[in-house]
Amino acid sequence: MTELRRRGGGGDPDSTENISDKEADGDDRLAFPGEGEGEMEGDSKAETPDMPPSTDNTPQCLNKALEGLSSRWKNWWIRGILSMTMITGFFLIIYLGPIMLIFVVMGVQIKCFHEIITIGYRVYHSYDLPWFRTLSWYFLICVNYFFYGETVADYFGALVQREEPLQFLVRYHRFISFALYLAGFCMFVLSLVKKHYRLQFYMFAWTHVTLLIVVTQSHLVIQNLFEGMIWFIVPISIVICNDIMAYLFGFFFGRTPLIKLSPKKTWEGFIGGFFATVVFSFFFAYLLSQYQYFVCPVEYNSETNRFAVECEPSHLFMMQEYTLPAVVQNAVRWKTVNLYPFQIHSIALSTFASLIGPFGGFFASGFKRAFKIKDFADTIPGHGGIMDRFDCQYLMATFVHVYIASFIRGPNPSKVLQQLLVLQPEQQLSIFNTLRNHLRERGMLPPAVEEAQ
């Protein structure tokens, strides 16, 4: 009994500190209903901190014009009018050129990041975490510095060669980027408050996942743009088309629910959107493949200090004759058909956009349900926030980047040349001699050229 008393009452010499740590941890747990008792009851009974209700910012003139309609049809008209307005603005931005598109992508990225970070901030606003918002934006700047620096090194080699400060920044770019990130990491560690350890690490992870979802994939959008504006315009357009057509088919014919995360999504809208998107992408690809402005890689011209989109189109954008399968020949009475190879690739892109792309929207729906919010923000009447419109676009951008790297892109001579130009003269001469000997062995250098050498 004495031994038992000693064990019960004596405890660990550090028991006071342990208790205080547990109390602090217990206080921190209060921020996350769903742990402890809520966990045992299941997620369905866990209470999520309420977000402030979204406000209706539909223009007053539009509300007045549609006031006689039911809420269903009113929402239909608002979404339709705003969708057409955004599509018109999109084509206007395309007309303004690649630089404007890059700035638009950057602006969309910042707004999406702001919407997601704001949700985290508002849900746990009562804790008033030190430096949370400051560090979130600091990490955004660091990650953008890294990615845009990589873009400058890859696509602006001629400009870098002319400007000595840029040469220094490009040469040590990754070290500078890492040093900037380390500074933010140290600031986060210094900001830790004992009472809120767990919550602060949750928010640290929240920021980094947001950076992964938004910034990394917006960088891939820009990478796709430099491969040719057609690789930027077609994927974005087919996602928009799928969104619109799935909505229309679901609105008029939808009867069968598709997924619980999005109760308004129906199988009729999903299937109708698929076929409409494939047809649209096939003909839209045909239209754009005819113009150099859309098919040529975007390159920086050091002589004019402007982006150039002039080139000899690759085989993807040259009309070719294809023999149809025997079954199709019997059905349509054609033996061959003339197509741009890119049209065939557009079918793969539209299939992904229609069958897999919507899962980006389902993911976003699950996220919003977890925090009991209807939309990420109320920026666009009838549509929600910018992130509500780009939830599928980011997934599509990643697929297009992987698709180009896997099936389209070969060695890029201009990039190889840019890398050669930054080498030391001795290294350049060594590569020249190696290449010359290789060409002689293959018989590709005429004798006259050899004698001249």
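Annotations for the structure displayed:
- For peptides 294-301, 102-109, 322-329, sequence by mean Cβ density within 10 Å, most packed first: 294-301, 102-109, 322-329
- Restricting the calculation to Cα atoms, the range 223-286 shows an Rg/Rh of 1.10 when the hydrodynamic-style radius is the Kirkwood one.
- Carbon and sulfur %, accessible surface of the range 332-381 computed with the full protein complex present, 1.4 Å: 65
- Of Leu288, His345, Leu395, farthest towards positive along the dipole that unit charges on Lys, Arg, Asp, Glu beta carbons give the range 285-417: Leu395
- Relative protection proxy for 134-147, 232-245, from highest mean packing down: 232-245, 134-147 (other beta-carbon atoms within 10 angstrom).
- Averaged per residue, the range 114-196 has 57 square angstrom of accessible surface, using a 1.4 angstrom probe with ligands and nucleic acids left out.
- The relative contact order of the range 271-386 comes to 24 percent, based on Cα pairs under 8 Å that sit 6 or more residues apart.
- For Lys265, residues with placed amide H under 5 Å, excluding near neighbours: Leu258, Ile259
- Probing with 1.4 Å while keeping every protein chain in the model, the per residue accessible area of the range 339-378 equals 40 Å².
- Per-selection Rg to Rh, the range 310-453 - Cα, Kirkwood hydrodynamic radius: 1.20
- Residues Ala179 and Trp131, FRET efficiency given R0 of 25 Å [Cβ-Cβ distance, rounded to 0.05]: 0.85
- The range 233-276 - percent of accessible surface contributed by carbon and sulfur, probe 1.4 Å: 75
- Inter-site label distance for Arg122 and Ser70 at 7 Å from Cα along Cβ, in nm: 3.0
- Summarising the amide proton neighbourhood of Leu324: residues at separation of 5 or more, or on other chains, whose placed amide H is nearer than 5 Å comprise Thr336, Val337.
- Each residue of the range 200-215 was assigned a 3J(HN,Hα) from its phi angle through the Karplus curve 6.51 cos²θ - 1.76 cosθ + 1.60 (θ = phi - 60°); the sequence is 5, 6, 4, 5, 5, 5, 4, 4, 6, 5, 4, 4, 5, 6, 8, 6 Hz, with glycine and proline shown as x.
- Working from label points 7 Å from Cα in the Cα-to-Cβ sense, the Val332 to Ile259 distance is 3.2 nm.
The values are calculated or read from the model by the stated rules, or taken from the named source; none is laboratory data. Bear in mind the structure is a predicted one, so any value in this text is a computation, not a measurement. Cβ coordinates were reconstructed from backbone atoms using ideal geometry, including for glycine residues, and neighbour counts include every protein chain displayed. When the accessible area is computed, the model is the full protein with side chains, heavy atoms only, and any ligands, DNA or RNA have been set aside. Shrake-Rupley method; radii C 1.70, N 1.55, O 1.52, S 1.80 Å.
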